[in-house]
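See below for the structure under consideration.
The values are calculated or read from the model by the stated rules, or taken from the named source; none is laboratory data. Since the model is a prediction, treat every value here as computed from it, not as a measurement. All Cβ positions, glycine included, derive from the backbone under ideal geometry; neighbour counts span all protein chains shown.
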Amino acid sequence: MTFKKMGIFMLCITLSLLVIAGGFTIVFDPFFHYHAPFEHQRYVLHGINERYYNDGIARNFSYDAMITGTSMTENFKASEFDQLFGVTSIKVPFSGASYLEIDQFIKRTIDYQPNLKLIIRSLDLSYIWNDKDYLEYEDYPDYLYDDNAWNDVQYIFNKDVLFSHSLPVASRTFRNIPSTTQDEYANWNDEYTFGKEAVLSAYNRREKIAPEQAFTEEDREHICATIEQNVLKTVEENPNIQFYLFLPQNSIIYWDSLCREGTLKRQLVAQELAINMMLEFDNIHLYSFVSDFETVCDLSNYKDYAHYSEEINSRILKCMKNEEFLLTKENCEDYFQSVYSFYTEYPYDSIFE
């Protein structure tokens with residue numbers, strides 16, 4: 001065989017292997033970029049790869065409702081949501097996501113799914129201080145998020161995708177191992193220890209309380225810009241979608257940290273401003289579990305100063321269904337006074353005695 005023929009032969013072999021590998025990934029499609037799972041296909045979802053799975057789930061699965069937000073939504077069970085609200089839902093969380101990232105995802109999802117009627121979304125108070133254009137994760141797999149077929153080569157001819165994702169899906173399918181459910185996806189409840197000891201061991205308390213910081217006009221403009229751009233604009237543009245928004249119940253240790261940093265009152269003012277803005281929209285159902293004092297003060301519910309167990313996620317769904325902790329124009333002033341009094345007067349030192 002001549003050198004030229006050998007070169008042509010090797011090129012043909014290489015191209016054939018690429019076609020086979022690419023076709024294999026397209027068929028098993030572990031990130032659901034091209035299609036939803038076939039009837040007998042068994043897939044696996046790893047929580048650490050949320051930003052690879054979620055767009056495909058939103059693009060190709062069948063649903064009329066969804067749960068999205070930060071790690072505060074990862075332990076929700078979609079099946080419980082479906083049963084309580086009479087919907088067919090997906091759970092698509094983004095750990096550590098800014099308000100902008102979640103809003104961009106919601107916009108794409110609305111484009112993908114014209115029958116979407118209900119969205120549950122967490123609004124983490126600690127992230128409200130980020131710039132309105134802030135993105136925590138800039139190294140996105142953009143080839144999964146756009147409609148440019150040319151850059152899909154980064155997906156279908158990706159060695160890591162083939163060996164770490166496509167082949168495991170194929171193996172799971174051939175062995176008939178059940179797919180990861182939407183209840184199990186990203187759920188970390190069984191991976192951690194909960195309770196006072198676990199929370200306090202992860203908390204480095206400031207020795208001295210810092211001077212109280214004032215809520216400035218610059219703060220006001222910042223909060224307004226973040227809420228208007230990354231929450232309210234999408235709500236206003238989609239009056240037929242019901243948005244169930246909630247402020248999670250961070251533990252009492254979170255509020256102790258704000259007290260020690262001198263930012264507790266500033267946080268409460270920011271919360272009040274954001275709430276008043278959101279209460280102007282009829283298709284927002286706003287729940288604040290900041291006033292769920294019993295849960296907040298029971299550290300057996302938490303693995304650290306913010307993250308609660310799946311039992312609390314279940315509690316949130318049931319409270320939403322029963323309209324408990326629902327904020328309205330009529331009850332918000334009582335709510336503001338209640339949380340202000342509770343958190344500014346709480347005997348934080350008693351926790352550590």
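Structure notes:
- Residue 353 satisfies every condition listed in (1) surrounded by fewer than 19 Cβ atoms within 10 Å (Cβ to Cβ); (2) at pLDDT 95 or above except (2).
- Residue satisfying all of: in segment 143-182; polar (S, T, N, Q) and in contact (Cβ under 8 Å) with a residue 40 or more places away in the chain; farthest from residue 112 (Cα to Cα) among these: 176
- Positions within segment 32-69 being among the hydroxyl-bearing types (Ser, Thr, Tyr) and under 14 Å from the mean Cα position of the chain (by Cα), in sequence order: 52, 53, 68
- Test result for residue 351, β-branched (Val, Ile, Thr) and closer than 28 Å to residue 224 by Cβ: no
- Screening segment 209-224 for residues that are in a loop (DSSP other than H, G, I, E, B) and touching a residue at least 40 places away in the same chain (Cβ under 8 Å) and picking the one that is nearest to the chain's Cα centre (by Cα) gives 215.
- Among residues of segment 94-124, those that are basic (Lys, Arg) and either buried (at least 22 other Cβ atoms within 10 Å of the Cβ) or under 17 Å from residue 73 (Cα atoms) (or both), counted: 1
- Counting the residues of segment 53-74 that are more than 18 Å from residue 188 (Cα to Cα) and touching a residue at least 60 places away in the same chain (Cβ under 8 Å) gives 2.
- None of 179, 166 is surrounded by 16 or more Cβ atoms within 10 Å (Cβ to Cβ), of a type in the set (Ser, Thr, Tyr) and not in a helix (DSSP H, G or I) except 179.
- Taking each residue of segment 183-196 that is among the hydroxyl-bearing types (Ser, Thr, Tyr) and looking for partners that are part of a loop (DSSP other than H, G, I, E, B) with beta-carbon atoms closer than 9 Å, six or more apart or interchain, yields 185/45; 185/46; 185/74; 192/303; 192/304; 192/307; 192/309; 193/303.
- If you filter segment 298-322 down to residues that are in contact (Cβ under 8 Å) with a residue 12 or more places away in the chain and surrounded by fewer than 16 Cβ atoms within 10 Å (Cβ to Cβ), you find that the one that is nearest to residue 341 (Cα to Cα) is 300.
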